[in-house]
Amino acid sequence: MRKNKYTFIILLFLLLKTTVVLSQSKTSETHINNFVKSVFFEKNKVEFIAENYIYFEPIINSKYTISDRIKILDKHLKKIKYEKKSLIDSSNYFIVEYKDYKGTKILFDKSTDNIYILISKNNPIMYFYFLNDKILSFDYIIKGNEGLFITY
């Protein structure tokens, strides 16, 4: 009888843990999806996007104010709108965790646990690095064979 009780408790714990992980993933995907809509289809202002979707890492002794960083973000948003808008089908795109995408993709030097990919027309269009329930980065450069995320 006691063994059944412990087995039940362990199974309940594993079920709850799995539910939390799946919930976090769906929340991240929803957040990124809302960002994509906001940038590409709704034409929201950079201040709205910065406040609602972007995580600005604290930088000690930075010469850049948050206002300066939002201006840098604005330049990156304009760049991705110009480069990516025609690649995204507004009725046929989705967000997937990096580990779940089996096609050809950019390799990153960081752990890929917090990386998501925007897929449209069966191709990876953008990569997102997610941190603290917000997007840390949506732009990257290639150095050698690896992608390096750019933060704002």
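The values are calculated or read from the model by the stated rules, or taken from the named source; none is laboratory data. All values derive from a computational prediction rather than experimental measurement. All Cβ positions, even for glycine, are placed from backbone atoms using ideal geometry, and neighbour counts span all protein chains on display.
Give segment 89-109 a look and list any residue that's of a type outside the set (Asp, Glu) and more than 19 Å from GLY147 (Cβ to Cβ), or say none. Spell out how you get there, then give the answer.
Of all residues in segment 89-109, those of a type outside the set (Asp, Glu) come to 90-96, 98-99, 101-108.
SER90, SER91, ASN92, TYR93, PHE94 - these are the residues of segment 89-109 that are of a type outside the set (Asp, Glu) and more than 19 Å from GLY147 (Cβ to Cβ).
Within segment 25-41, at least one residue is out of contact with any helix residue (DSSP H, G or I) (no Cβ under 7 Å at 6 or more places or on another chain), at pLDDT below 70 and in a helix (DSSP H, G or I).
Within segment 40-80, the residues that satisfy the criterion of being surrounded by 13 or more Cβ atoms within 10 Å (Cβ to Cβ) and farther than 17 Å from THR151 by Cα are PHE40, ASN44. Out of all the residues in segment 109-123, is one or more farther than 21 Å from ASN33 by Cβ and surrounded by 11 or more Cβ atoms within 10 Å (Cβ to Cβ)? Yes. Among residues of segment 125-151 being touching a residue at least 12 places away in the same chain (Cβ under 8 Å) and over 13 Å from the mean Cα position of the chain (by Cα), the one that is nearest to VAL46 (Cα to Cα) is LEU148.
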